[in-house]
Amino acid sequence: MIKGVIFDMDGTIVDSLPYHLEAWRIFFEENKVEDFSEKLKKYKGGGTLDLMKAVYGNIYSIDELKKMSDDKEIIFRKIYKGNIKPIEGFLEFISELKSKNILVGLASNAIRKNVTLTLNELDVYDLFDSIICGDEVSFGKPNPEMFDKTVIGFNLKKDDCIIFEDSIEGVEGAVNAGINVIGVTSSNSSDILNNAGCIASINNFIDIDQLLK
């Protein structure tokens with residue numbers, strides 16, 4: 001029986017990806033970077049700072065890149081605030097998990113400010129027993145660090161936990177951690193998610209009980 005559930009955030013419990021894409025478009029436009037969509041396609045995972053490094057290389061110092069990353073996330077929060085909606089069935093699902101005394105964690109490459117905004121607007125912040133953000137670990141997904149830390153904090157065996165992820169990087173992180181993962185098809189098809197290592201995939205969190213038995 002599952003005793004701990006770990007959620008990714010962007011694309012897994014909320015469909016925030018269009019807002020991130022728009023924030024990147026605005027940021028790159030303001031900073032005169034062409035073909036931003038192609039640069040995003042080449043992105044292989046991690047956090048905002050990792051993408052900045054991939055785009056700009058050694059042109060800027062790490063401190064300058066961090067400032068630019070903050071600027072992009074400010075744009076994101078500005079356009080996303082007031083538009084945050086959960087993936088269908090998520091609010092009911094997390095309430096059900098808590099009613100069964102199942103531990104609930106969030107492990108996201110997103111920075112703490114983005115996570116706080118999202119969870120507070122969904123009114124679920126206090127339902128999480130563990131929250132680990134991308135700016136609080138040494139390595140983002142697909143590195144398993146944040147998943148490993150979550151399970152250690154839960155004081156559970158990995159076999160007693162399950163992860164929900166939408167991205168290939170997140171699925172790979174779960175596989176690297178040795179934890180079963182269920183894919184959410186907000187940004188990838190079931191076939192792609194299952195081929196990456198998911199034990200199953202879902203479109204939303206409605207009628208999901210059978211997957212956790």
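Using a 10 Å cut-off around each Cβ, can you sort F128, F27 from fewest to most neighbouring Cβ atoms?
Final ranking by Cβ density, sparse to dense: F128, F27.
Taking the Cα centre of each part, how many Å lie between region 146-179 and region 47-100?
After rounding, the separation between the Cα centres reads 20 Å.
Would you mind ranking I182, I202, I79 so that the residue whose beta carbon has the fewest other beta carbons within 10 Å leads the list?
I79, I202, I182
To the nearest 10 degrees, how steep is helix 17-30 against the longest Cα principal axis of the chain, on a 0 to 90 scale?
Compared with the principal axis, the helix lies near 10 degrees.
Write down the percent of antiparallel bridges among all DSSP beta bridges whose residues are both part of the chain, to the nearest 5.
Among the beta bridges of the chain, antiparallel pairing accounts for roughly 5 percent.
Between rounded, prolate and oblate, where does the chain land on the alpha carbon gyration tensor, with a ≥ b ≥ c its root eigenvalues, rounded for a/c under 1.5, else prolate if a/b exceeds b/c? Numbers along the way, then the final one.
On the way: a/c = 1.76, a/b = 1.64, b/c = 1.07.
Judged from the Cα gyration tensor, the chain comes out prolate (a/c at least 1.5, a/b above b/c).
Taking the Cα atoms only, what angle lies between the long axis of helix 62-80 and the longest principal axis of the chain, rounded to 10 degrees?
60 degrees
List, in the order given, every pair from K113/K149; K32/K53; K66/K113; K32/K141; K32/K66 whose Cα-Cα distance in the structure shown is over 22 Å.
K32/K141
Using helices alone, I'd like the mean residue ellipticity at 222 nm for the chain: each DSSP H run of four-plus residues gives -39500 (n - 2.57), total over residue count, nearest 500.
Numbers: 9 runs with 96 residues, N = 213.
Roughly -13500 deg cm²/dmol at 222 nm, from the helical runs in the chain.
Which aspartates and glutamates, on any chain, are close to K158 with Cα under 15 Å apart, when same-chain ones fewer than 8 places away are left out?
Within the straight-line cut-off, K158 pairs with E145, D148.
Read-outs: derived from the displayed coordinates by stated rules, not from any lab. In this text the structure is predicted, and so the values were computed from the model without any measurement. Quick reminder, even Gly has a Cβ in these numbers, built from the backbone with ideal geometry, and neighbours come from all protein chains shown.
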